[in-house]
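Below: one structure, written as structure tokens.
The values are calculated or read from the model by the stated rules, or taken from the named source; none is laboratory data. All values reported here derive from a predicted model rather than from experimental measurement. Quick reminder, even Gly has a Cβ in these numbers, built from the backbone with ideal geometry, and neighbours come from all protein chains shown. Heads up: the accessible areas ignore ligands, DNA and RNA and are worked out on the full protein's heavy atoms, side chains in. Shrake-Rupley method; radii C 1.70, N 1.55, O 1.52, S 1.80 Å.
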Amino acid sequence: MLKSVYNKMNLILSKLMWQNGTRINQYVFAIIITIPLLSFGMVQGWLSPMISVLQSPSGPAPVPYTSSDISWMTSVTYITAIIFGAPMGYLTDRYGRKIMALITTLSLILYWQIKLLCIRPWALILARAIAGIPCSACYIVLPIYLKEISDIDLRGALGSLLILNRNIGYLASYVFADLLAVNTMLWIGLLVPTLVLFIFLVMPETPEFLVKQGKIDEAKTVLAWLRGLSVMDQTLEQDIDNIVNVEKQTKADSKSVWRIILRDRAAFKAFIITLVIKITQQFDGYLIVLIYAGFVFERASESISLKLSPNKQVMMIGVVQLLGSIVATCIVEKTGRKLLLVVTSLVVGAGMLVLSGWFYFTSNGTWLPGWVPVVAMCMCIFADAGGFQPISYIIITDLFSFQLRGTVSSFANICAKLSNFVQMKWFTKISELISIHWTFLFFSIVCFSASLYTVIVFPETRHKTVEEIYEKLSKKDNDRIKAVP
């Protein structure tokens, strides 16, 4: 049965083959792989414009939602994301990238189906709890899948499609919520993952995982399809041999993944770099700026003629996010990871500093132009989407081998979701306690610290193999040891 499926897959791949070395299949496959994140963007984007609708007595729900219902809806996804995310890396390594991508897509279908069947509070809270699966899987499984089907010089550009597609999903939800009936939007939400599920069924597993399963010929067929080359091409033989050798070394190494990370100096340093970048990105204030966007617009409208409905406000934010993602996709392979990360974290930090200053001075009675916080907010959103956020996902696949990638992705994802949960639950109370300008100042300090850390510690990973990156990290340590008298 399985052999028959694989034969059919090979037939489909041969029919879709582009010759002369073109890599268009990598671009097409990368877009398909990231569509579940577009669907998850729609999941997350749906909530923002719908909260006021669900709380309205004339809304689609039989009974208006309470503040407690809304609180559970917004936070439960991050709780279940931590639970589901913990074993996600192991499951991805055990059962494959394709199987886990299919499960991710099925969970998105289940989410939209529950909302179509019932829109009572308990049903939407259940749906949001199930959304914890794609909330983790989209940021663990999909980056790994994407990296392993991408050539080394395309990793950054194709990796940035993750955030680009997610932001397209955000904007789609904002626009649909403004133009369409609730049920119509839910049907569109269901249609996207359903179509992707059927496409995924005929798409291949990654060459690296196929080699791990001992399916060398199949891995060669997939690699040839991705590169638009003949299966007999000599460069394919060399690359497959390299993957086979790495897999043999992995099997010969009896140490556990965590033992390797903790004992290998270069791997441990890469692990620390990943966590620092990931956690600082989560605490750069981006999430809070999105939540407080309506408040900023309201304060700004007191001094300028900026009268936008809540839906128009989130649509404007969605456009800024999307523009930032497009810029990241276009320039990440030209600028490199390090420069883009330094610049965008500095811009986010500057935007947060301006917001902090504006709120501080206006709260003390000083008049300042209302356009200042709007521009600062847009700067933060654009820069985060344009580099800080996508790079935090790309570097995980850059810095770690097949053996470590899944485990590190899961751990980093848990840290990210905990950071999100803490901010969602405690930011309002902390802001009331110490004033909002101090919290924005804190975010600014985090961003500037991340920029400085990147300059000093982070190695450029563009067009480099894991071995080359680790050699550079080890050299830095050796140079530092020699410098100590």
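Do any helices (runs of 4 or more DSSP H) lying entirely in region 318-422 carry at least 1 residues that are of a type in the set (Phe, Trp, Tyr), under 13 Å from the mean Cα position of the chain (by Cα) and within 21 Å of residue 277 (Cβ to Cβ), and which ones are they?
389-399
Among 375, 320, which is touching a helix residue (DSSP H, G or I) at 6+ places or on another chain (Cβ under 7 Å) and of a type in the set (Val, Ile, Thr)?
One residue alone meets the criteria, 320.
Given the conditions (1) modelled with pLDDT of 85 or more; (2) farther than 24 Å from residue 155 by Cα; (3) part of a helix (DSSP H, G or I), and given that residue 65 satisfies all but one, which numbered condition is not satisfied?
Only one criterion is unmet by residue 65, namely (3).
Given (1) open to solvent by less than 40 Å² (accessible area, probe 1.4 Å); (2) out of contact with any Cys (no Cβ under 6 Å at 6 or more places or on another chain); (3) not in a helix (DSSP H, G or I), where does residue 274 come up short, assuming only one miss?
Tallying (1) open to solvent by less than 40 Å² (accessible area, probe 1.4 Å); (2) out of contact with any Cys (no Cβ under 6 Å at 6 or more places or on another chain); (3) not in a helix (DSSP H, G or I), residue 274 fails exactly one: (3).
Are there any pairs, at least 6 apart or on different chains, whose C-beta atoms fall under 8 Å, with the first in region 35-50 and aliphatic (A, V, I, L, M) and the second open to solvent by less than 10 Å² (accessible area, probe 1.4 Å) and not in a helix (DSSP H, G or I), and if so, which?
The qualifying pairs are 43/131.
Here are some residues: 224, 266, 219. Which one is more than 19 Å from residue 23 (Cβ to Cβ), in contact (Cβ under 8 Å) with a residue 12 or more places away in the chain and assigned to a helix (DSSP H, G or I)?
Within the list 224, 266, 219, the selection yields 266.
Which helices (runs of 4 or more DSSP H) sit wholly inside region 73-131 and have at least 3 residues that are open to solvent by 50 Å² or more (accessible area, probe 1.4 Å)?
In region 73-131, the matching helices (runs of 4 or more DSSP H) lie at 88-95, 97-117.
Give the residue, chosen from 13, 2, that is surrounded by 14 or more Cβ atoms within 10 Å (Cβ to Cβ), modelled with pLDDT under 50 and farther than 18 Å from residue 112 by Cα.
Matching residue, one of 13, 2: 13.
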